[in-house]
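Chemist: Once you've had a glance at the structure underneath, I'll fire off some questions.
The values are calculated or read from the model by the stated rules, or taken from the named source; none is laboratory data. Note that the structure is predicted; figures quoted are calculated from it, not measured. Ideal geometry is used to build each Cβ from the backbone, glycine not excepted, and the neighbour counts take in all protein chains shown. Note: accessible area is taken over every heavy atom of the protein model, side chains too, but ligands, DNA and RNA are not part of it. Shrake-Rupley method; radii C 1.70, N 1.55, O 1.52, S 1.80 Å.
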Amino acid sequence: MAAQEATSAGGDTVVTVQALVGGHFWLPDREVFQDSVHLPAETGSQVPTFSFLITHPVHGKLLFDLGLRKHGKGYPPAWDETLAEFKPECEEDVADVLQKGGVELDTINFLVYSHLHFDHVGDPTLFPSAEIILGKDAESLFEKPYPHDPESLFQEWPEGRTITYLQYTVPQASVKEESLPEQEESTETNGPIDTGSSPKPGGKAAVPPDDKKEVPENGTKATHLARPPPQQISPLGPFPHALDLFADGSIYVIDTPGHFPGHLCLLARVSTSPATYILLAGDCCHNRLCYTPGERLISQENYEDIEVARDTVAKLVNCAREGELKVGKEEGGIGKVVVILAHEKEREEEMPLFPKELNSWAVEEAWKEAKEEITPLRQKRAREEEVDEEDADRTIKRKLEATIENPSDGKGHGTKTKREEDEADGVAAGAAKKQRTQ
Ligand SMILES: [Zn+2]
């Protein structure tokens, strides 16, 4: 589809997206690929965990995921065994990175979690003004959280915060005001929400009062406008359930079950001309080869419901193959899409990181000519043509001989030599890929 044919859906509002690295950890291959379930934990990769700052022109700042807790500490003890295997490293957490970049933590209005694993949950107490938003199925994890249940993986929410568990069918949201024990919980449905301008007494906000300025330099304090009720979108591209979070087509929450209760993705519109979205795909899968069409299958070891998770990944593969999503109800509401997984390690080098913005990078990435067909094929060919050094030498030798035989025509002569050039390129690509992976 040509760029000029794509039209936006649901108005013209775009958001700014910035990627932050919220630490790194060791991810064993057996947790990622089905073909690696037999391998020891030592076989794997160091991966980043990304968080994203999304800035909306009206509703202000939203964080999607928080990465690791600083120094990998402060989790409920039930995580200890997992942490020993995954070895979190986090010298600077997302809050540190934001503050270094001049973002005051109490200007964050919304905190949306893809899910609540240790590498995404971070420390929500550092963002005292943020409404915390999760998928509906995450609610069941808080029936008896830590420390009420010492063995729970999930820490009770800080008191006095607004917690929203999104539903994808009407009513679209249930809202809970986390209360002091003697107070009654209030529940709203669908209504605009104002979390108030400061943490309530008893909250565990970790920002010292002295650090709080009356007028932050770079944004409104959280006396933000209440958001409208999210609009139900069914379906959104291949995904059966989604919500238009601010009812203006700028940010969609997509139900992507399978990995963990309530797992969700965010789809952020970063350009209307040409129509371009970033799909923040969380932990739908843990390596780009798992959403590259025809590549590797996700591991049964790392998903709450592997069949559901594979179905979700199939939808993601569909997006990656098409490179575009039909968004919005009107005809022609199609935009190109760039997928970013929470632990897509290659992205750490490929994409600009905070304080830089992702928007123009994403437009370039999404609209690369024929990228969707070429990239997976190239990867596949590179792997097929991964040969031992002897073979590589032979290929290069053949190419050299051909050049020597035809010195006046060094750029190639006929399909055969061109094919040999491609083979040598394939070998080089294979070697480069190996280096990056291991
Ligand atoms: Zn994760």
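Chemist: Skipping prolines and chain starts, which residues have an amide H placed within reach, meaning under 5 Å, of the one on Ile133, given they are 5 or more residues away or on another chain?
Modeler: The answer is Leu111, Val112, Tyr113, Thr164.
Chemist: What are the extents of the Cα atoms of the stretch 271-367 along their three principal axes, in Å, largest first?
Modeler: Largest first, the stretch 271-367 extends 41, 35, 21 Å along its Cα principal axes.
Chemist: Given H placed 1.01 Å from N in the peptide plane, which residues other than close sequence neighbours of Ser271 have an amide H under 5 Å from its amide H?
Modeler: Thr276
Chemist: Ignoring ligands, DNA and RNA, what percent of the 1.4 Å accessible area of the stretch 223-273 is carbon and sulfur? Intermediate values should be presented prior to the final figure.
Modeler: Numbers: 740 of 1300 Å².
Reported share for carbon and sulfur atoms: 57 percent.
Chemist: Further question on the same structure: Could you compute the FRET efficiency for Gln232 and Glu301, with r as their C-beta to C-beta distance and R0 at 30 Å, rounded to 0.05? Don't skip to the answer; put the middle values down first.
Modeler: On the way: r = 34 Å, r/R0 = 1.13.
So, using R0 = 30 Å, E works out to roughly 0.30.
Chemist: What pairs from Lys73/Lys144; Lys87/Lys368; Lys70/Lys356; Lys136/Lys345; Lys70/Lys315; Lys336/Lys356 go past 26 Å between their alpha carbons? Numbers along the way, then the final one.
Modeler: Working: Lys73/Lys144 22 Å; Lys87/Lys368 37 Å; Lys70/Lys356 22 Å; Lys136/Lys345 29 Å; Lys70/Lys315 34 Å; Lys336/Lys356 21 Å.
Beyond 26 Å between Cα atoms: Lys87/Lys368; Lys136/Lys345; Lys70/Lys315.
Chemist: Show me the trypsin sites (Lys or Arg not before Pro) within the stretch 27-119 that DSSP assigns to loop and that have at most 11 other Cβ atoms within 10 Å of their Cβ. Could you put the intermediate results ahead of the total?
Modeler: Numbers: sites: Arg30, Lys61, Arg69, Lys70, Lys73, Lys100; in loops: Arg69, Lys73.
Answer in residue order: Lys73.
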